[in-house]
1. Since residue 21 meets every condition but one in (1) part of a strand (DSSP E or B); (2) more than 24 Å from residue 132 (Cβ to Cβ); (3) not hydrophobic (A, V, I, L, M, F, W, C), which condition does it not meet?
2. Listed residues 51, 116; which is in contact with a helix residue (DSSP H, G or I) (Cβ under 7 Å, 6 or more places away or on another chain), of a type in the set (Asp, Glu), at negative phi and not assigned by TED's automatic domain parsing to the domain that holds residue 152?
3. Filter segment 106-131 down to the residues that are farther than 17 Å from residue 56 by Cα and at pLDDT 75 or above, then identify the one that is surrounded by the most Cβ atoms within 10 Å (Cβ to Cβ).
4. Residues to consider are 83, 95; find the one that is in the same structural domain as residue 27 (by TED's automatic domain parsing), within 18 Å of the chain's Cα centre (by Cα), in contact (Cβ under 8 Å) with a residue 12 or more places away in the chain and farther than 21 Å from residue 128 by Cβ.
5. Condition check: in the same structural domain as residue 130 (by TED's automatic domain parsing), within 22 Å of the chain's Cα centre (by Cα) and closer than 16 Å to residue 122 by Cβ. Does residue 61 satisfy that?
6. For segment 29-68, how many residues are surrounded by 12 or more Cβ atoms within 10 Å (Cβ to Cβ), assigned to a loop (DSSP other than H, G, I, E, B) and not polar (S, T, N, Q)?
Amino acid sequence: MLIDGIDVRAVAQRSLRRQTGIVPQDPFLFSGTIADNISFGRLDATPSQIEEAARLANAHDFIAALPDGYATEIQEGGVNLSVGQRQLICMARAVLADPHILILDEATASVDTLTEQLIQDALQRLLAGRTAIVIAHRLSTIRNADLICVVNAGRIVERGRHEELVAQAGLYRQLYDRRFGDIKEKPPET
């Protein structure tokens, strides 16, 4: 298997892990401050680097609104924050770590529509210039991918760009029609 043209069997596992970041479906935060959680992958980060990562991940506004801001203590697992807030903090962590390879495992699965939009916006910046593996059921998460692989029963059944897959009469098109097929354009008002 090649990543960025390099056979991963020729790369030390430790090196590969250092170059890989993940934003999981169930974001995990540990007890400590928000700043501690964001800087987990880069312990030498300065407060300004932590804030910049949070801004890029669209997490800064909600963090700044908390009584203690970046010094806010979070409980184990982040149970004192919403799922969306935890996900944005995990995105900020990934931004700060700046991995060459990023895995997003259903990063928008358990969030509300507003937070999904914040994550989508952050993804545009986060994914630029890096290899990403995005696992998603929400088509909006993968719509702009260079290559979409449609998996059914553990097998890749289709692959291509969004426009190509919509043009085909396959599984992707069925999923697309289920999600967007009943949305009709409003006639112009006269």
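The values are calculated or read from the model by the stated rules, or taken from the named source; none is laboratory data. Keep in mind the model is a prediction, meaning the values are calculated, not measured. FYI the Cβ positions are ideal-geometry reconstructions off the backbone, even for glycines, and counts take in every protein chain you see.
1. (2)
2. Exactly one of 51, 116 is in contact with a helix residue (DSSP H, G or I) (Cβ under 7 Å, 6 or more places away or on another chain), of a type in the set (Asp, Glu), at negative phi and not assigned by TED's automatic domain parsing to the domain that holds residue 152, namely 51.
3. Ranking the qualifying residues of segment 106-131, first place goes to 106.
4. After applying the criteria, what remains is 83.
5. For residue 61, the condition - in the same structural domain as residue 130 (by TED's automatic domain parsing), within 22 Å of the chain's Cα centre (by Cα) and closer than 16 Å to residue 122 by Cβ - is met.
6. 7
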